[in-house]
Amino acid sequence: MYRPEKFYGGYTLFCHTYEDPRVGPGGLAHMFLIDMRGDIVHEWTAKTAVQLLELLPNGNLLYATRDRSDIPRAGLREIDPESNVVWSFHCRIDHDFHVMDSGHLMIHCLMDKMVPGIGPELKRCPYIVEVTRGKDLVWEWFGEEHTEELTALCGIEFPISRHFERRRGPAFLFDWAHNNTCEVLPDNPTARRDPRFRRGNIIFSYRSLDVIGVIDRETGEIVWAWGPGVLDGQHQPTMLPDGHILIYDNGPLRGWSRVIQLNPLTGKITWEYTSTPRESFFSRAISGAQLLPNGNTFICEGGPGRLFEITPEKEVVWEYRSPLRIKGTFGIYRATRYSPEFVRPLLERRKQD
């Protein structure tokens with residue numbers, strides 16, 4: 001699908017998630033920037049597993065290894081257009097990071113430990129850190145210390161009951177939260193009505209519990225949570241300029257996906273995209289959505305490797321089905337559309353080379 005009179009023209013960044021890049025061509029992972037016709041305009045490579053990507057204003061790329069990567073090789077790396085590593089931070093990174101206005105990095109990591117209050121045996125817990133480019137630790141947050149707040153805000157009971165094993169399988173008794181988001185909130189209209197959503201607080205997404213929430217940066221407390229009984233295995237809640245929250249609601253138990261906009265003050269869904277039939281739009285895991293400057297929504301249906309853009313009226317105006325999946329990879333975890341102006345420094349550096 002290609003309707004230039006209606007889509008938001010730019011460049012799209014993505015990769016297929018690498019479980020183990022040693023089975024890829026030449027032992028390398030590959031990351032792509034494509035134009036609106038689907039042509040590759042730039043490609044990076046890495047010698048580690050790759051999951052999440054972000055293009056920087058100077059034309060460099062930040063990428064995170066996959067959450068289940070070999071721990072000695074895991075972490076966040078910045079590479080130049082020639083794929084040379086120019087900066088790295090070794091950590092057990094998991095699913096998300098955020099480049100802050102200050103230049104600091106908010107990184108979601110994993111920590112495995114015994115937490116009897118959550119349940120018996122080993123538990124995988126969310127661990128969020130803020131670090132400087134000089135690698136100093138500024139702030140840290142331990143998810144297992146804030147379960148009582150989830151109980152008070154949305155009724156989730158701890159220790160984790162067998163209810164979650166019946167819904168998700170035994171693995172989810174271990175990976176009880178499975179957080180996939182650590183976005184730092186920008187200025188937004190909702191914050192002017194409710195300080196829980198003020199700039200600098202952090203939105204998270206506990207996929208295993210079907211809940212999204214907000215962490216107060218100053219106190220560390222979870223001050224808002226929503227989703228049980230409505231969400232189903234969601235990804236990438238994002239604060240929008242109007243103060244609503246955009247969410248990719250995967251629906252692994254429903255059998256179909258949707259993208260929604262939520263008014264966090266009322267708990268009401270104000271906009272929803274599904275397909276007809278509903279089962280024709282479905283990614284059991286991964287995936288995400290992005291509101292574009294022209295009001296369209298860019299959607300990554302990660303499992304099938306399908307990227308597409310829709311208008312507010314839900315008309316598909318651009319669609320790309322990736323032919324770039326190779327042995328050793330699976331779906332697209334997340335994709336991002338960038339404006340031509342944002343990509344210009346990268347393209348200018350290419351010309352100089």
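The values are calculated or read from the model by the stated rules, or taken from the named source; none is laboratory data. Quick caveat: nothing in here was measured; it's all calculated off a predicted structure. A quick note on method: Cβ atoms are made from the backbone with ideal geometry, for glycine too, and the neighbour counts reach across all protein chains shown.
Structure notes:
- Residues that are of a type in the set (Val, Ile, Thr) and surrounded by fewer than 22 Cβ atoms within 10 Å (Cβ to Cβ) were ranked within segment 167-206; the one that is nearest to Gly288 (Cα to Cα) is Val184.
- Taking the numbered list (1) on the phi > 0 side of the Ramachandran plot; (2) touching a residue at least 40 places away in the same chain (Cβ under 8 Å) in turn, Ile160 passes all entries but (1).
- Residues of segment 254-264 satisfying the condition of being of a type outside the set (S, T, N, Q) and either under 20 Å from Gly302 (Cβ atoms) or surrounded by fewer than 15 Cβ atoms within 10 Å (Cβ to Cβ) (or both): Arg254, Gly255, Trp256, Arg258, Val259, Ile260
- Considering residues of segment 38-64 that are farther than 14 Å from Thr329 by Cβ and of a type in the set (S, T, N, Q) only, the residue surrounded by the fewest Cβ atoms within 10 Å (Cβ to Cβ): Asn58
- Taken over segment 324-346, the criterion of being surrounded by fewer than 18 Cβ atoms within 10 Å (Cβ to Cβ), at pLDDT below 95 and within 21 Å of Glu309 (Cα to Cα) is satisfied by Leu324, Arg325.
- Only one of the numbered conditions (1) over 14 Å from Tyr206 (Cα atoms); (2) modelled with pLDDT under 95; (3) of a type in the set (D, E, K, R); (4) touching a strand residue (DSSP E or B) at 6+ places or on another chain (Cβ under 6 Å) is not met by Arg166, and that is (4).
- Scope segment 306-341; condition of a type in the set (Ser, Thr, Tyr), under 17 Å from Pro293 (Cβ atoms) and outside any loop (DSSP other than H, G, I, E, B); matching residues: Thr336, Tyr338
- Within segment 274-299, the only residue that satisfies the criterion of being touching a residue at least 60 places away in the same chain (Cβ under 8 Å), over 14 Å from Val317 (Cα atoms) and touching a strand residue (DSSP E or B) at 6+ places or on another chain (Cβ under 6 Å) is Ile286.
- Residues in segment 201-253 that are of a type in the set (D, E, K, R), within 19 Å of Ile299 (Cβ to Cβ) and in a loop (DSSP other than H, G, I, E, B) were compared, and the one that is farthest from the chain's Cα centre (by Cα) is Asp242.
- Selected residue (only one of Arg349, Arg306 is under 21 Å from Ile260 (Cα atoms) and surrounded by 16 or more Cβ atoms within 10 Å (Cβ to Cβ)): Arg306
- Note on segment 153-163: among residues that are at pLDDT below 95 and not charged (D, E, K, R), the one that is surrounded by the fewest Cβ atoms within 10 Å (Cβ to Cβ) is His163.
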